[in-house]
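In what follows, a single structure is set out as structure tokens and then discussed.
The values are calculated or read from the model by the stated rules, or taken from the named source; none is laboratory data. What you are looking at is a predicted structure, and each value in this text was computed from that prediction instead of being measured. Cβ placement follows ideal geometry from the backbone for every residue including glycine, while neighbour counts extend to all protein chains displayed. All accessible areas refer to the heavy atoms of the entire protein, side chains included, with ligands and DNA or RNA removed. Shrake-Rupley method; radii C 1.70, N 1.55, O 1.52, S 1.80 Å.
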Amino acid sequence: MNKQKSQNKDAPSTLSADDAVADYRERLFEQLRIFMKSLPQRLARYTELEEKVTKSVSSDSAPDVVSLAFELHTQPKAKKRRVQEGTSTFPTTPTTPTTTPTTASDKPSFPKVIQKPPSSASISAPHTAKKIGESKDLPGTPDNTALVSALKLLKAEAKLMTLDLDNVSAWIILMMPEDKFEDNEGVEVQSEALTVVSKAVEEAKAIHGLEVEYLEARAGYESGYYKYFLARSWLHSIQLHDRLTWNQVVLAWSGLYELCLLVYKTMSQNMELILNPRAPPKGTYMMM
């Protein structure tokens with residue numbers, strides 16, 4: 001008996017499912033408090049980054065979207081180029097011998113043809129991707145280093161926002177009580193708040209995926225440009241795609257800013273009913 005009691009004491013204590021849910025709900029609520037407190041700093045950071053991106057776009061010397069789109073649709077189709085491997089040295093008109101042959105040894109004299117091998121300069125090497133200024137024969141694609149850096153920074157902020165909003169959504173779900181035939185006003189408020197936060201999560205995920213969408217489309221445009229480099233419409237498509245993506249980055253920072261305000265207002269104004277859905281509302285709850 002004593003051995004059995006000692007073994008029971010040494011055995012690790014296991015939480016029930018309800019205790020685990022309650023513990024997880026408390027941790028989510030603490031993360032929600034941190035999210036609400038950090039909103040002013042986050043909004044200030046979004047505003048600063050949006051201003052930087054806007055300045056970089058406005059100071060760029062690249063043509064605007066309207067002119068690029070106009071050039072893209074008015075560009076004539078490129079003609080196919082015939083590759084000439086070499087030129088013949090035969091005269092264009094047949095030559096006649098100066099004297100008429102009288103014997104078998106007398107033969108007409110024709111110009112001697114000497115075929116020279118093509119020089120190394122005339123053999124074009126396989127074309128490779130280059131930046132503008134590296135090749136005089138074929139201009140390369142516009143440099144997109146700054147744009148990719150801006151997309152990576154936006155992706156990191158959107159990822160953080162997605163994780164925070166996922167926690168808010170999970171906390172609201174765990175706070176929902178069982179349905180009843182009456183007194184469901186607080187539960188309806190919880191459902192509305194959950195809908196708002198869920199839509200915000202989807203918008204944050206869409207912003208998070210802008211980098212992948214841009215790189216995939218850019219790779220397709222570059223592949224077409226280096227394959228059919230005589231068609232200038234491919235280069236205009238790359239320039240137009242970059243310009244539109246810059247505009248998307250500016251709008252995305254504004255979108256993250258608006259998502260923060262929307263979630264903060266929804267949660268702060270309905271926090272009392274979210275915490276106690278069966279109790280009548282007494283006023284606005286502010287997260288401290």
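Pairs from the table (Lys52/Lys265; Lys152/Lys205; Lys152/Lys227; Lys52/Lys152) lying more than 18 angstrom apart at Cα are Lys52/Lys265; Lys152/Lys227. Between Leu230 and Leu163, the FRET efficiency estimated from the beta carbon spacing at R0 = 51 angstrom works out to 0.60. Under 12 Å from a point 7 Å along the Cα-to-Cβ line of Asn276: which residues of the range 21-37 have their amide N that close? Answer for this model: none. If you plug the beta carbon distance of Glu185 and Tyr264 into 1/(1 + (r/R0)^6) with R0 = 25 Å, you get a FRET efficiency near 0.65.
In sequence order, the range 196-213 has phi-based couplings of 4, 5, 5, 5, 5, 4, 5, 5, 5, 5, 5, 5, 4, x, 5, 4, 5, 4 Hz under the Karplus curve 6.51 cos²θ - 1.76 cosθ + 1.60, θ = phi - 60°, and Gly or Pro positions carry x. Largest to smallest in accessible area, the residues Ser58, Ser38 fall in the order Ser58, Ser38 (1.4 Å probe, all protein chains included). Within the shell defined by Cβ-Cβ distances under 14 Å, the residues around Ala219 carry a net charge of -3, with Lys and Arg each +1 and Asp and Glu each -1. Using a 7 Å offset from the Cα along the Cα-to-Cβ direction at both Ser223 and Ile34, what is the distance between the two label points in nm, to one decimal? It is 4.2 nm. Label-to-label distance, Lys55 versus Lys199, with points set 7 angstrom from Cα along the beta-carbon direction: 3.5 nm.
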